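> The structure's right below; bear with me while I get my questions together.
The values are calculated or read from the model by the stated rules, or taken from the named source; none is laboratory data. In this text, all values refer to a predicted model and were calculated from it rather than measured experimentally. When we count neighbours, we look across all protein chains shown, and the Cβ atoms used for this are built from the backbone with ideal geometry, even at glycine.
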Amino acid sequence: MLRPESRRAAALAAVGLALAAPAAGAAAAAAGPTYPVHVEIALAKKSVGAMFHHGIGPSLFAPPNPSCSVSIGDQARAAYAAVARRMFRAGGVERAASLEIGISAADLDLDVDGWHAQVEHALVLRSASGVEMGRWSVTGRERVEGLGETAIPRAFRSAAEKAASRFEAAFAEPPGVARWLADSGVVLASVPRAQLPPDVPLVQSRPPGPPRSWALFVDGGAGSFIAAQVKDGRDERTALPALALRVGGAAPWGFVQLAYARTTEIVDKTSLEAGPLFRIRPDVDLKIGGGVARVSAPEGARTTVASVLAALSLALPVTRGTLWMRLGLEARYDFGASLMVPNEDLTARYDAARGASGWAFIGFELGTPE
């Protein structure tokens, strides 16, 4: 139970809040809009009901979030309505100017720190008589945070709000708009400029440095093994299609991997390789290394060869800071003891152990950001 002095303090606090609320409301009303003019906003006809449809990921071209449809038209209307309440008078006896809002573009863009929702709006201000007074093209960009079904709609809504804030900051810049405001009695020198919203930096403005540190990776790939072949007593070369799988670990300074490959001639190669890693860009690695490979051919033939390789890989973030999709190209050369085996139709014999090969890989990397 409250003591008498506690009850008195609570009563005084309640009275203070009751007095402060009308005062705050009066102050807000006294501040008024930035521009004491009447402007009605409307979406362009082609933007009414505009939608952005996201399919199920993951892929190279979309984030792995659940599929969704985003009403980017309604989001744009809501964003500019909120800005208009700050900028313009709610109504008046005079005929209103009109602001037409068009959606020029909306897309999901991949950057080194993840996927981003980006919108571009084209706006046109016309006088009450239909005379064009100004045009603007503004963009908004926001990172997709998380993998939930609301992450992409939330990012597009924030991007639309940032685009609307950019319009607010640039509203008085076109000469026709400045003249109209001056004719309406607005002293532009006394109008505070709206602050631009903070935006997610583009890749060009990111400081240099690797986005990844220690990592584990798994890749699958396809390639071609170029082997020496003897056919009808002639020495020639043959290309054998092959599939491969690699698992390994990488650090900013080196890598180690276990690779398995199989050609169409049922020749298996299992190799262990390691070497230095050079980070050319935050998302691009160059690996140069070597190792040993165990070659197994039909009828129990086996041998061991040495290998050297060079690989270039690109890391595309799937989730922020933990999971990357990897795309890579690799060239290698195996040398050492030969292992001549017949091909499938027994018309020639080829060296299953030594030769050059080229590969294209795709896979995933699980790691920690640096």
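> Can you find, within segment 237-285, the residue that is farthest from residue 220 (Cα to Cα) among those that are part of a strand (DSSP E or B) and among the aromatic types (Phe, Trp, Tyr)?
Restricting attention to segment 237-285, the residues satisfying the condition of being part of a strand (DSSP E or B) are 237-251, 254-263, 268-281, 284-285.
When the remaining residues are screened for being among the aromatic types (Phe, Trp, Tyr), the result is 255, 260, 278.
Details: 255: 17, 260: 10, 278: 22 Å.
Top of the filtered list is 278.
> Any residue at all in segment 282-291 that's among the acidic types (Asp, Glu), surrounded by 14 or more Cβ atoms within 10 Å (Cβ to Cβ), closer than 28 Å to residue 62 by Cβ and in contact (Cβ under 8 Å) with a residue 40 or more places away in the chain? Explain how you work it out, then say what you get.
Here is the first cut: in segment 282-291, the residues among the acidic types (Asp, Glu) are 283, 285.
Right, trim to surrounded by 14 or more Cβ atoms within 10 Å (Cβ to Cβ) and you get 283, 285.
After this cut, where a residue has to be closer than 28 Å to residue 62 by Cβ as well, the list is 283, 285.
Among the residues that remain, those that are also in contact (Cβ under 8 Å) with a residue 40 or more places away in the chain are: 283.
Yes, some residue in segment 282-291 is among the acidic types (Asp, Glu), surrounded by 14 or more Cβ atoms within 10 Å (Cβ to Cβ), closer than 28 Å to residue 62 by Cβ and in contact (Cβ under 8 Å) with a residue 40 or more places away in the chain.
> Could I ask something else about it? Six or more apart or on different chains, Cβ under 7 Å: which pairs go from a residue in segment 64-78 that's modelled with pLDDT under 95 to one that's part of a strand (DSSP E or B) and loosely packed, with under 15 Cβ neighbours inside 10 Å? Could you list them?
Every condition considered, the pairs that remain are 69/53.
> Considering each of 114, 102, 130 in turn, give the residue that is on the phi > 0 side of the Ramachandran plot and more than 22 Å from the chain's Cα centre (by Cα). Walk me through how you get there before you give the answer.
Values: 114 fails: more than 22 Å from the chain's Cα centre (by Cα); 102 fails: on the phi > 0 side of the Ramachandran plot.
Exactly one of 114, 102, 130 is on the phi > 0 side of the Ramachandran plot and more than 22 Å from the chain's Cα centre (by Cα), namely 130.
> Scan segment 94-112 and give yes if some residue there is part of a loop (DSSP other than H, G, I, E, B), closer than 23 Å to residue 325 by Cβ, out of contact with any helix residue (DSSP H, G or I) (no Cβ under 6 Å at 6 or more places or on another chain) and at pLDDT below 95, otherwise no. Spell out how you get there, then give the answer.
Let us first name the residues in segment 94-112 that are part of a loop (DSSP other than H, G, I, E, B), namely 94-96, 112.
Still in the list and also closer than 23 Å to residue 325 by Cβ: 112.
Still in the list and also out of contact with any helix residue (DSSP H, G or I) (no Cβ under 6 Å at 6 or more places or on another chain): none.
The answer is no; no qualifying residue exists.
> How about segment 204-253: which of its residues are at pLDDT 65 or above and within 22 Å of the chain's Cα centre (by Cα)?
The first filter runs over segment 204-253 and keeps only residues at pLDDT 65 or above, leaving 213-231, 234-253.
Answer for segment 204-253, where residues must be at pLDDT 65 or above and within 22 Å of the chain's Cα centre (by Cα): 213, 214, 215, 216, 217, 218, 219.
> In this structure, does residue 164 turn out to be surrounded by 15 or more Cβ atoms within 10 Å (Cβ to Cβ) and either touching an Asp or Glu at 6+ places or on another chain (Cβ under 7 Å) or not aromatic (Phe, Trp, Tyr) (or both)? Please lay out each step first, then the result.
On the way: surrounded by 15 or more Cβ atoms within 10 Å (Cβ to Cβ): yes; either touching an Asp or Glu at 6+ places or on another chain (Cβ under 7 Å) or not aromatic (Phe, Trp, Tyr) (or both): yes.
When the stated conditions are applied, residue 164 passes them.
> List pairs: first in segment 112-140 and farther than 13 Å from residue 39 by Cβ and among the aromatic types (Phe, Trp, Tyr), second part of a loop (DSSP other than H, G, I, E, B) and modelled with pLDDT under 95, Cβ under 6 Å, 6+ apart or cross-chain?
Cβ pairs passing all conditions: 115/63; 115/144.
> Considering only segment 24-35, I want to know if a residue exists there that is modelled with pLDDT of 80 or more, hydroxyl-bearing (Ser, Thr, Tyr), surrounded by 12 or more Cβ atoms within 10 Å (Cβ to Cβ) and closer than 30 Å to residue 180 by Cβ. Lay out the reasoning, then the answer.
At the first step, the residues of segment 24-35 found to be modelled with pLDDT of 80 or more are 33-35.
Keeping just the survivors that are hydroxyl-bearing (Ser, Thr, Tyr) gives 34-35.
With surrounded by 12 or more Cβ atoms within 10 Å (Cβ to Cβ) added as a condition, the list becomes 34-35.
Those still in the list that are closer than 30 Å to residue 180 by Cβ too: 34-35.
Yes, segment 24-35 contains at least one residue that is modelled with pLDDT of 80 or more, hydroxyl-bearing (Ser, Thr, Tyr), surrounded by 12 or more Cβ atoms within 10 Å (Cβ to Cβ) and closer than 30 Å to residue 180 by Cβ.
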